[in-house]
Each structure stands twice: as structure tokens, then as C-alpha cells.
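Take a look at the structure below.
The values are calculated or read from the model by the stated rules, or taken from the named source; none is laboratory data. Because the structure is a prediction, the values reported are computed rather than measured. We place every Cβ from the backbone using ideal geometry, glycine too, and count neighbours over all the protein chains shown. For accessibility, only protein heavy atoms count, side chains too; no ligands or nucleic acids. Shrake-Rupley method; radii C 1.70, N 1.55, O 1.52, S 1.80 Å.
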Amino acid sequence: MTKFRDIECRDAVLAWDAVEPVPDESGRVPLLRYVNPKEADWPEADFVVNPPFIGDKRLRLSLGDGYVDALRNTYTMVPDSSEYVMYWWHKAANLARCGEIRRFGFITTNSLRQTFNRRVVQYHLDAKPPLSLIFAIPDHPWVDSVDGAAVRIAMTVGSTESIDGRLCTVWQGKKTLV
């Protein structure tokens, strides 16, 4: 087995000084408070690829109330109704626009096109310097292999490079390039 010395096992979007249990004798699930939450620093990289997928409805169940509250208070530009990947999308877009990474590519739900997630994308497309979507599939079928859930996803690649982007659509399982 090859060892990679540059892989870290840690939270990639949120950092904190300490985690404290919040006293609640009637609570069934421990509530945690994240002390001094802030954006996590990312190591030097050229490319960033997908984080774990967690939809907005399952964030609290998967990550806990304290973590979600700290995340939302830290990333105020990302709407509360956004899925977890949008925090990564925002952070990666900032890094690309600052020249710290070359590109990023993420799979999101197709809600990326809806108003609450679109605000994050549009902010970076309109910013100076602007981000470009150099590849996008806005609506693609996806079946979860674990529970068989069928959802629709979007795939995007962001960059500040001045190249023509590619928009792809899927019709009846066949890819059509536009």
C-alpha cells in the first residue's frame, strides 16, 4: 500500500478552538457548542474535488445542531437552505478567484440552479476577478447505490481561466454537447 503524506483527516470547511457540551439534562442527544468557529485553512493545492454529499434537510441530523449553527454563522454568504457542498463551493470559488487553486469540480443536487444556491454561484460569477464555469451539467440522473434513492444532480467545474466553457445536457441517458 502506498502512503500519501499529504492527505489529512480533518474538517475542511470549519475550524474551531474547542468543542463544549451544552448542559441539557432532558436532552436525548448531546448538544455541542463550537468555540470561535472560523473558516478552515486549506493546504496548498491545484485542484479541489467533491466533499461528502449532505442535503440541506439532513445537515442537522448528520452533523449536529452545534456544528450546523457554527457553519452557518461562519459562512453568512451561503443561505441557510443550502446543502453542505455549497459551503465548499463558496470556499473553493474564493480560492480560485484569489489564484490559490486552479480549478474545482463538484457534484451537487440540481438545486444548484435554484435561487437559494444560485446566489452563491452568481456572487462569484459577478465578482472581480470573476469565476467562470468551464464545465456544467445542470441536470443529470443519479441513483444512490446504498439506499437506491433516485435524485437529480448537477456537475460544475469552476476556474478563472479564460477558456470557453462547455454546457452538457442529458436526454434519455445520452449525453448531448451544446
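Using the heavy atoms of the protein chains and a 1.4 angstrom probe, tell me the accessible area per residue for the chain in square angstrom.
On a per-residue basis, the chain sits at 64 Å².
Could you state how much accessible area Phe47 has, in square angstrom rounded to the nearest 10, with a 1.4 Å probe and all protein chains kept in place?
110 Å²
According to a simple spin-label model (label point 7 Å from Cα along Cα-to-Cβ), what is the distance in nm between Ala45 and Asp11?
1.7 nm
Under a plain spin-label model, where a point goes 7 Å from the Cα along Cα-to-Cβ, how far apart in nm are Lys57 and Asp69?
2.5 nm
Evaluate the relative contact order of the stretch 29-178 (contact order divided by residue number), counting alpha-carbon pairs under 8 angstrom at least 6 apart; express in whole percent.
Answer for the stretch 29-178 is 21 percent.
With a 10 Å cut-off between alpha carbons and a GNM built on the chain, which of Leu31, Leu14, Leu59 moves the most?
Residue with maximal mean-square fluctuation among Leu31, Leu14, Leu59: Leu31.
Using R₀ = 25 Å, calculate the FRET efficiency as 1/(1 + (r/R₀)^6) where r is the Cβ-Cβ separation of Thr169 and Asp80; round to 0.05.
The computed FRET efficiency comes out at 0.25.
With a 1.4 Å probe and all protein chains in place, put Leu167, Leu131, Leu125 in order of accessible area, largest first.
So, going from the largest accessible area down, we get Leu167, Leu125, Leu131.
Modelling each spin label as a point 7 Å along the Cα-to-Cβ direction, I'd like the Lys38/Ala18 distance in nm, to one decimal.
With each label placed 7 Å out from Cα toward Cβ, I get 1.7 nm.
Would you calculate a helix-derived [θ] at 222 nm for the chain, using -39,500 (n - 2.57) for each DSSP H run of n ≥ 4 and dividing by the full residue count, to the nearest 500?
Here the helix-only value at 222 nm equals -6500 deg cm²/dmol.
Out of [x] 17.9; [y] 17.2; [z] 16.3, which label holds the value of Kirkwood radius over Cα pairs in Å that was computed here?
Computed from the coordinates, Kirkwood radius over Cα pairs in Å corresponds to [x].
What is the gain in length, in nm to one decimal, between Trp142 and Phe116 on full extension, counting 0.36 nm per residue of separation less the C-alpha to C-alpha distance?
7.2 nm
Springs between alpha-carbon pairs under 10 angstrom, Gaussian network model over the chain: which of Met155, Met77, Met86 fluctuates most?
Met77
Using Cα springs under 10 Å in a Gaussian network model of the chain, which residue among Ala136, Ala127, Ala96 shows the largest mean-square fluctuation?
Ala127
Given 0.36 nm per residue, what is the gain on full extension from Asp126 to Glu100 after removing their alpha carbon distance, in nm?
7.5 nm
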